[in-house]
1. For A:K95, list the lysines whose Cα falls under 18 Å from its own Cα; do not include residues on the same chain fewer than 8 positions away.
2. Arranged by the count of other C-beta atoms within 10 angstrom, fewest first, what order do A:F231, A:F158, A:F252, A:F69 take?
3. Need the full-extension length gain, A:E264 to A:E229, defined as separation in residues times 0.36 nm minus the C-alpha distance. One decimal, nm.
4. What ranking do A:D172, A:D31, A:D3 get, fewest neighbouring Cβ atoms within 10 angstrom at the top?
5. May I ask you to derive the FRET efficiency for B:R44 and A:Y85 from their Cβ-Cβ distance with R0 = 45 Å, giving the value to the nearest 0.05?
6. Please report the net charge: other residues with Cβ closer than 13 Å to the Cβ of A:R65, K and R +1, D and E -1.
7. What's the exposure ranking of A:S66, A:S224, A:S186, going from fewest to most Cβ atoms within 10 Å?
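Any read-out appearing in this document is the output of simple, stated calculations on the displayed coordinates, not a laboratory observation. Bear in mind the structure is a predicted one, so any value in this text is a computation, not a measurement. Cβ: placed from backbone, ideal geometry, glycine included. Neighbour counts: every protein chain shown.
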Amino acid sequence: MKDEAIYRRLFRTALLIRLVEERIIELYPSDKIQSPVHLSIGQEAVAVGVCDGLQPDDLVFATYRSHGFYIAKGGSLDAMFAELYGRKGGVSGGKAGSMHLRPRGRADGIVGGGGQHHPARGRRRARASQRRGASQVAVAVFGDGATEEGVYHESLNFAALMKVPVLFLCEDNGLAVHSHRPARQSYQPGRSTPRLVRHRQPPAGGGLGHAGDPPGHPRCAAASARRREPFVLEIATWRYKEHVGVGEDFHFNYRSASRRRCLEARGIR
Amino acid sequence: MLSYAGALLETMDAALADHPNVFIMGQGVDDFKGIFGSTTGLAREVRRRRACSTCR
């Protein structure tokens with residue numbers, strides 16, 4: 001890492017996300033949090049790295065696993081926890097829960113809930129912004145599973161043709177709930193879509209700390225989208241905890257803990 | 001007493017057993033959590049062709 005200050009800033013935000021998620025794990029057995037929670041533990045770097053390349057009025061459309069993006073985008077922690085507790089002071093008045101952390105009345109919006117249609121939602125919003133002559137970029141976040149949806153292909157095609165300022169961000173953790181990629185996809189990651197500027201990040205690093213802005217760097221991706229060249233950025237990452245909830249899930253034997261041990265052996269917690 | 005999910009499971013299991021032209025397809029049909037217990041075990045090996053997941 002050439003720039004110590006950048007690293008510290010990014011690490012601090014990633015650590016904040018991790019600590020918030022661990023606090024949720026502590027609180028959950030008390031049943032004060034009524035909402036189901038899909039934790040970002042293991043995937044913090046993607047949110048932190050990408051949001052760092054955005055401007056304050058850029059929009060992020062995240063999935064149900066959105067705590068990391070909400071925090072990386074500067075969302076209020078008080079409002080987030082109030083939302084989890086179902087209180088009036090929550091982000092959505094306590095009525096929407098963990099999956100729909102959407103601060104209203106702010107330019108930097110974030111919408112949670114269901115990854116499948118985010119490519120389309122982000123693309124539509126960016127198109128609206130484009131028509132108004134604004135320079136906003138919309139980031140549509142989705143998992144690898146969403147790339148199997150027809151609307152994903154349509155969204156990329158439309159964005160490329162109409163030069164919509166959207167960054168399509170795939171958080172590729174290889175899973176759709178408990179289903180592994182080979183059971184779902186007959187295509188290789190990143191190989192079957194309309195031609196846009198695209199880049200696929202290898203597993204280690206995941207968006208954090210690339211000095212010198214190589215072509216796949218989130219800042220470059222966002223800048224490309226702002227220039228009306230929509231960008232597809234796939235970042236390979238790994239979910240540590242179970243799909244939904246606060247526990248571990250290795251005892252269900254659908255995935256092995258060896259990947260996690262590998263990361264820990266390299267000093268990555 | 002049979003739960004709602006249990007009733008769904010029992011019915012689908014019976015349908016698969018009684019009628020070779022019955023198929024069950026949907027997101028999570030073969031998930032180990034069995035869609036809250038309503039599809040647990042339906043996709044076991046002998047029937048894998050007829051009970052499968054379409055999930056993403």
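1. Within the straight-line cut-off, A:K95 pairs with A:K32.
2. A:F252, A:F158, A:F231, A:F69
3. 8.8 nm
4. Least to most surrounded, the residues fall as A:D31, A:D3, A:D172.
5. Once rounded, the FRET efficiency stands at 0.60.
6. In short, -4.
7. Ordered by Cβ neighbours within 10 Å, fewest first: A:S186, A:S224, A:S66.
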